[in-house]
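First the structure, in the form of structure tokens, and then the observations on it.
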Amino acid sequence: MSNTIYFRWLTELEKQIHCRKHIILYGNIHDEFLWRDERQTVYKIINSSLKELGFDLIIRYSPVNGFSYLADSMRERFNALIQDQSLSYHAQSPADEAPVPETTANPMAPPPRRSPGINTRQNTNIRILPEAAFGNLRMAMSQSVTSVAAIVDTVDMLTSDPNQYGVEERNLLMLLKMCTLESAFLTEGTLAGYRNSLILVASDLARIPQWVYKDNPLVEMIQVSSLNKDERRQFALRSLRPREGFSGFFEGDKISIKRPANNVPSQLEALADELADLTEGFHTVDLEALRSISWRDEIPLREKNVRQLVDFYKFGRRDDPWEKISPERIASAKEELSRSVIGQPKAVEAVTSMLASARIGLSMSGGKSSAQPKGIFFFVGPTGVGKTELAKALARLLFVDENSLIRFDMSEYAQEHAAEKLTGAPPGFVGFEAGGQLTNRVLEQPYSILLFDEIEKATPKVMDKFLQILSDGRLTDGKGQTVYFNQTVIIFTSNIGASDLTNHHTGETIRSGIMKQVQEENMPSYSEVEQHFDQEVRWYFSNYIGRAELLGRLGDNIIVFDLLREDFINAIADKFLQQYSEITKEKYKLFIKFMPSVLEVISLRMKEERNLILGGRRIKSLLETFIEKPLNSWLFQEFPDSDMLSCRILSVGLNQDGSLVPEINAG
């Protein structure tokens, strides 16, 4: 049979039946799978497999629909089997015991073990409640002549809470457990020596109390996983081109199946591989939706162009903002970012390189690169040197304004339970309806820059949430929605290594920060600064919080920001002064000239220990203290009528004590 895939879960299921085991099948049970050239449900695949193994009776029970059978003859045979077993039991019971209805067994009574008769055929359309149905299954499983395979659906819904359940719920689960323990070895037929098999199907294994299966040697758990790459590839091979009764993808008839050479894949095979790479985590219904969208919006599949269709399905946009970035804008990005973030050439260079890579879209990772974020950065360095400002400048450069910058203050995620705030509480917990703070924002704004400020202040459990994002580019929230991050840039900022790391209880210094060295010695070179911070970050993740695997995801994207050097201080101060000058010129047509003494005083004050630690933020606050506030007051007092400022030239200096020295002249 062509294009047949042997799923791991199906192979394992057949193996465990051969090993005389019962099975709890859980996970992706509601998906469809391409099996024997057709899309089939888990139940259809199981039925076909059980039939080929040779079971006489294949029964499925659903609490909603009751019993269903692979064939009508099995219905009659099962009813006859249960009636005979029930009559056999009552013949052995005391005469004064109350009779049990013919159609159901006494569920809590032990079943007899004897060959079934075929005395009476019982047909009923009445849905049997779970307790009675499981009693019937218990009797059928305990006899040893007719081979029985029973599938019980939605077992995880038998209890409202797996940790707190009532007597009725416990009885139902006890009946299923007794079915596994009392199932008989078959003495006749093609399956002689096998055991009657029970298959319990559940979406969520966690909702089944552990005592049902734990320490039960007759039960094995088998997970039905999402479609793997080979399964998605087989779907594509079967679905891209049209065939009899099937339309395929838009313009699928133009996809060639001929190989250019023996060792070169055909166009169909290349497209199938690319689609399989880009749809990790997709269900069959998602893959089928891609086919529908390709027709609805007339999007053909072409090599290196599959991502457009996949991203359109994920985000609802045909245009890619990244591809719209003009080469001229990328070429000028370095200069533009350097004006916003002064004294950090390596950080600016790393960001501009990312822009070029995102625009071109090529990667050594192949198709998988399209599933990962556009850029991943770990900005580390002292406070106030431009880490957050570079993220804001990048947002302005890419998306015109800063609204596309989604910032998370990681100090709000310091408690262990706070990790769930990012993706949302699981079903049944307080706040489930609200969803996750991170996943909600990315769902609303998939094209964005995500800034996780001061990541070291968050609980280490938060780091675990980032592992899947950084490697797979997706995350599932508490509601089960998959959120994709492949159109985002992720930036972590950190001060690890800047200040001393101390023991919270004893106050003892665990690791020395570089700012202490700066205060005591001469300013270290950038290479020394880079080596220090890189070493401290790696020690912190590997030894202090035990998350070394996150370092592997970050790779060489740990970007060290330099210390605030004297020439940087002057440049930053001058930037703020120029902004002030532009505002006064625009509002009052007043021309301000700042004298060299302003930068001299600010530079001198920034050498003080308490100011140096605060970095660039302190430069701004010093200018507010020495220039902005006193100058505004002076202008208000000297020129009550602001019209008098028009076309004048104002020279502003500072005395060594920081006092303002203003002098105004007519223009």
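The values are calculated or read from the model by the stated rules, or taken from the named source; none is laboratory data. Predicted, not measured: the structure shown is a model, and the values here were computed from it. Every residue, glycine as well, gets a Cβ built from its backbone with ideal geometry; the counts of neighbours run over all protein chains shown.
Some points to look at:
- Residue in the stretch 233-247 that is out of contact with any Phe, Trp or Tyr (no Cβ under 8 Å at 6 or more places or on another chain), hydroxyl-bearing (Ser, Thr, Tyr) and free of Cβ contacts under 8 Å to residues at least 60 places away in the same chain present: no
- Whichever residue in the stretch 396-414 is loosely packed, with under 14 Cβ neighbours inside 10 Å and outside any strand (DSSP E or B) and, among such residues, is modelled with the lowest pLDDT: Asp401
- Annotation note: of Leu205, Leu200, the sole residue that is under 24 Å from the mean Cα position of the chain (by Cα) and assigned by TED's automatic domain parsing to the domain that holds Lys21 is Leu205.
- Within the stretch 303-341, the set of residues being out of contact with any Gly (no Cβ under 7 Å at 6 or more places or on another chain) and of a type in the set (A, V, I, L, M) comprises Val306, Leu309, Val310, Ile325, Ile330, Ala331, Ala333, Leu337.
- The residue pairs whose first member lies in the stretch 308-320 and is more than 18 Å from Val483 (Cβ to Cβ), whose second member is charged (D, E, K, R) and crowded, with 18+ Cβ neighbours inside 10 Å, and whose beta carbons are closer than 9 Å, counting only pairs six or more residues apart or on different chains, are Gln308/Asp320; Arg318/Asp311; Asp320/Arg307; Asp320/Asp311.
- A single entry from Asp156, Asp215 fulfils the requirement of being out of contact with any Ser or Thr (no Cβ under 9 Å at 6 or more places or on another chain), surrounded by fewer than 20 Cβ atoms within 10 Å (Cβ to Cβ) and assigned by TED's automatic domain parsing to the domain that holds Leu50: Asp215.
- Of the residues Arg259, Arg329, Arg317, Arg302, the single one that is closer than 30 Å to Phe568 by Cβ and surrounded by fewer than 16 Cβ atoms within 10 Å (Cβ to Cβ) is Arg329.
- Cβ-Cβ contacts under 7 Å between residues 6 or more apart (or on different chains), taken from a first residue in the stretch 603-616 that is modelled with pLDDT under 75 to a second residue that is in a helix (DSSP H, G or I) and surrounded by 17 or more Cβ atoms within 10 Å (Cβ to Cβ), are listed as Leu612/Val518; Leu612/Met606; Ile613/Met515.
- The stretch 230-256: number of residues that are basic (Lys, Arg) and surrounded by 15 or more Cβ atoms within 10 Å (Cβ to Cβ): 4
- Qualifying residue in the stretch 162-171 (condition: aliphatic (A, V, I, L, M), within 17 Å of Pro63 (Cβ to Cβ) and in the same structural domain as Tyr69 (by TED's automatic domain parsing)): no
- The stretch 449-485, residues that are acidic (Asp, Glu), under 18 Å from Gly424 (Cα atoms) and either more than 8 Å from the chain's Cα centre (by Cα) or not in a loop (DSSP other than H, G, I, E, B) (or both): Asp464
- Only a single criterion out of (1) of a type in the set (Val, Ile, Thr); (2) over 21 Å from Pro382 (Cβ atoms); (3) surrounded by 13 or more Cβ atoms within 10 Å (Cβ to Cβ) is not satisfied by Ile583, namely (3).
- When restricted to residues that are surrounded by 19 or more Cβ atoms within 10 Å (Cβ to Cβ) and among the aromatic types (Phe, Trp, Tyr), the stretch 526-579 contains 5.
- Number of residues in the stretch 486-532 that are β-branched (Val, Ile, Thr), under 27 Å from Gln372 (Cα atoms) and either more than 31 Å from the chain's Cα centre (by Cα) or outside any loop (DSSP other than H, G, I, E, B) (or both) equals 5.
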